[in-house]
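Okay, so here's the structure we're looking at.
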Amino acid sequence: MIRRDAYLLLREFEKKHYIPQKSFEYFNEIYSNEDMALLKNLVWGTIRNLVKIDWYLKKLIKNYKSITPASKWMLRLGAYQLLSDFKPYVAVNETVKIAKNRKVRGFINATLKTLLSKMNDFEEPVWVKFSTPKWLYDYLNDHFPKNYTLSFMEKSYSVNPLTLRINSLKTSIDDLIKNLNDYNTIKTQHSPFGIIVENPKSPIEITELYKNGYFYIQHESSQIIPLILDPIPGEDVLDMCAAPGGKTTEIAQIMENKGKIIALDIDIDRLELIEKNAKRMGIDIIKTKLFSGVDYNEGKYDKILIDAPCSSLGTISIHPEVMHRVSKKDFSNYADIQKQLLENAINNLIKLNGEIVYSTCTISREENTENMKYISSKYTNIQFEKIDLEKYGIKYYYDGFGYYFYPDNSLIPFYVAKLRLL
Ligand SMILES: C[S@@+](CC[C@H](N)C(=O)[O-])C[C@H]1O[C@@H](n2cnc3c(N)ncnc32)[C@H](O)[C@@H]1O
């Protein structure tokens, strides 16, 4: 029963604000493609709409906080369907069946029917409309122009399309589009390497083209960052936080697989993925090292990428669980480690006149603007470079140091700054 399995996955999410890939793989074995799509829709739709759902349920249930987690998750699952375009009769009946106890069934049934009859009587505030946590809405409002806040919320409430980056060492964008003829594909707007796959009917990773390294699955904002680093064939490049290697392998393809790339990460499983991806894509200039970028002290580099660990709030359209996992107090913890990575790169690793690109997939000022301010006031030998984002047709909000991407259909919110050692 699909709704019962969706409920079980949501209970798993409740524990850690995370659902392991393994759990979906289990259901993949037993469900058809169509049923699997429904299961994913129910789970991710509920998670994406949780703020909105709870707002409505709190209006209807006096002691919403004190109802049991089991009833709460059944209600949330049912409410998601009623607030979206599911058939109300099916949504209520199928959700009620999850409950074993008659009393609970009665409660779920009555509450969902009340929601159905009353939901159009309420006027949603904008943060509810886009199901954004109130604290995040307030934070955005305090720190960004109004239209940035709105575009962030709109994007986070949508589902980012599946996007590929061609491996230019093996194919061209036109050839790959031609060869992926079982899929609906279009070129991305901003990245010269990007292809959007619309509503794939089967996983793209099972194609021979993927297995033979003709492309990498990577959202478009990420694809822009190595282009900004602009590595030249033959250079020495350090990728300080490299796993699973999306940007490392793109740097290698821009360098035409000539030169040297050192790829660091502290996560051994993820580091192995860089090796796997490089091999699949026919790249042999990457050397991986299990090392913290904070302590690494070998060699001097022409270019350094710091694609820093961060609060990841820009990825909500890909990973909606992030908005429930992250809180404001995470910002300063990430900012501390990010500063240490930046200072090690500046003090020990970058060549004179070399360039460091700093990027995050988040919008917190602490992790971006405040870090750049800190570096700018401490290091008089660091110059912040202008980045030509118009070249890629990217709209941005500039903070005097770096650039916050405005999201759109395929770009997610990202931050990037470029520093030169004088
Ligand atoms: C945003 S992800 C990198 C994504 C990668 N650049 C890509 O494009 O595929 C950040 C990575 O930083 C790693 N990390 C966290 N702390 C680190 C540290 N002190 N030194 C090096 N890597 C670190 C994490 O394990 C994670 O893989």
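The values are calculated or read from the model by the stated rules, or taken from the named source; none is laboratory data. Only a predicted model underlies this, so the values are computations on that prediction, with no experimental measurement involved. Here the Cβ positions follow ideal geometry from the backbone for every residue, glycine too, while neighbour counts run over all protein chains shown. Ligands, DNA and RNA are excluded from the accessible area calculation, which covers all protein heavy atoms including side chains. Shrake-Rupley method; radii C 1.70, N 1.55, O 1.52, S 1.80 Å.
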Just give me the residues in segment 207-221 being more than 11 Å from the ligand (Cβ to nearest atom) and in contact with a strand residue (DSSP E or B) (Cβ under 6 Å, 6 or more places away or on another chain), in sequence order.
Phe215, Glu220
Scan of segment 306-358 for residues that are assigned to a helix (DSSP H, G or I), open to solvent by less than 20 Å² (accessible area, probe 1.4 Å) and within 15 Å of the ligand (Cβ to nearest atom), ordered by number:
Leu313, Gly314, Thr315, Val322, Ala335, Gln338, Leu341, Leu342, Asn344, Ala345, Leu349
Please verify whether Val197 is more than 16 Å from the ligand (Cβ to nearest atom) and either among the aliphatic types (A, V, I, L, M) or buried (at least 16 other Cβ atoms within 10 Å of the Cβ) (or both), treating the condition exactly as stated.
yes
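Could you tell me whether any residue of segment 150-163 is closer than 17 Å to Met281 by Cβ and either within 16 Å of the ligand (Cβ to nearest atom) or at pLDDT 95 or above (or both)?
yes
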Conditions (1) surrounded by fewer than 21 Cβ atoms within 10 Å (Cβ to Cβ); (2) under 23 Å from Ser156 (Cβ atoms) -> Glu34 fails only (2)
Of the listed residues (Ile363, Ile375, Ile394), the one being within 16 Å of the ligand (Cβ to nearest atom), closer than 30 Å to Ser327 by Cα and open to solvent by less than 10 Å² (accessible area, probe 1.4 Å) is Ile363
Across (1) in contact with a Phe, Trp or Tyr (Cβ under 7 Å, 6 or more places away or on another chain); (2) more than 14 Å from the ligand (Cβ to nearest atom); (3) open to solvent by 10 Å² or more (accessible area, probe 1.4 Å), Thr369 clears everything bar (3)
Restricting attention to segment 282-299, does a residue exist that is open to solvent by less than 80 Å² (accessible area, probe 1.4 Å), out of contact with any strand residue (DSSP E or B) (no Cβ under 8 Å at 6 or more places or on another chain) and either more than 14 Å from the ligand (Cβ to nearest atom) or part of a strand (DSSP E or B) (or both)?
yes
Return the only residue of Tyr64, Tyr26, Tyr89, Tyr56 being open to solvent by less than 20 Å² (accessible area, probe 1.4 Å) and without any contact (Cβ under 8 Å) to a residue 12 or more places away in the chain.
Tyr64
Contact list, first residue from segment 259-280 and part of a strand (DSSP E or B), second anywhere and open to solvent by 90 Å² or more (accessible area, probe 1.4 Å), beta-carbon distance below 6 Å, six or more apart or interchain, is Ile262/Lys287
Restricting attention to segment 222-260, and to residues there that are open to solvent by 30 Å² or more (accessible area, probe 1.4 Å) and basic (Lys, Arg), which single residue is nearest to the ligand (Cβ to nearest atom)?
Lys260
Restricting attention to segment 261-281, which residues are among the basic types (Lys, Arg) and within 8 Å of the ligand (Cβ to nearest atom)?
Arg270
Flag for Asp269 being in contact with a Phe, Trp or Tyr (Cβ under 9 Å, 6 or more places away or on another chain), closer than 28 Å to Lys170 by Cα and open to solvent by 10 Å² or more (accessible area, probe 1.4 Å)
no
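From Ser221, Ser311, grab the single residue that is modelled with pLDDT of 95 or more and more than 30 Å from Asn179 (Cα to Cα).
Numbers: Ser221 fails: more than 30 Å from Asn179 (Cα to Cα).
Criteria check complete, one pass: Ser311.
Can you go through Thr95, Thr132 and tell me which one is in contact (Cβ under 8 Å) with a residue 40 or more places away in the chain, within 20 Å of the chain's Cα centre (by Cα) and under 30 Å from Asp5 (Cα atoms)?
Thr132
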Of the criteria (1) closer than 21 Å to Arg76 by Cα; (2) without any contact (Cβ under 8 Å) to a residue 24 or more places away in the chain, which one Asp138 fails:
(1)
Name the single residue, out of those in segment 226-237 being more than 23 Å from the chain's Cα centre (by Cα) and of a type in the set (A, V, I, L, M, F, W, C), that is nearest to Cys361 (Cα to Cα).
Val237
List every residue pair whose Cβ atoms lie under 8 Å apart, where the two residues are 6 or more positions apart in sequence or sit on different chains, the first residue falls within segment 294-312 and is at positive phi, and the second residue, located anywhere, is outside any loop (DSSP other than H, G, I, E, B) and within 12 Å of the ligand (Cβ to nearest atom).
Gly299/Leu238; Gly299/Ile262
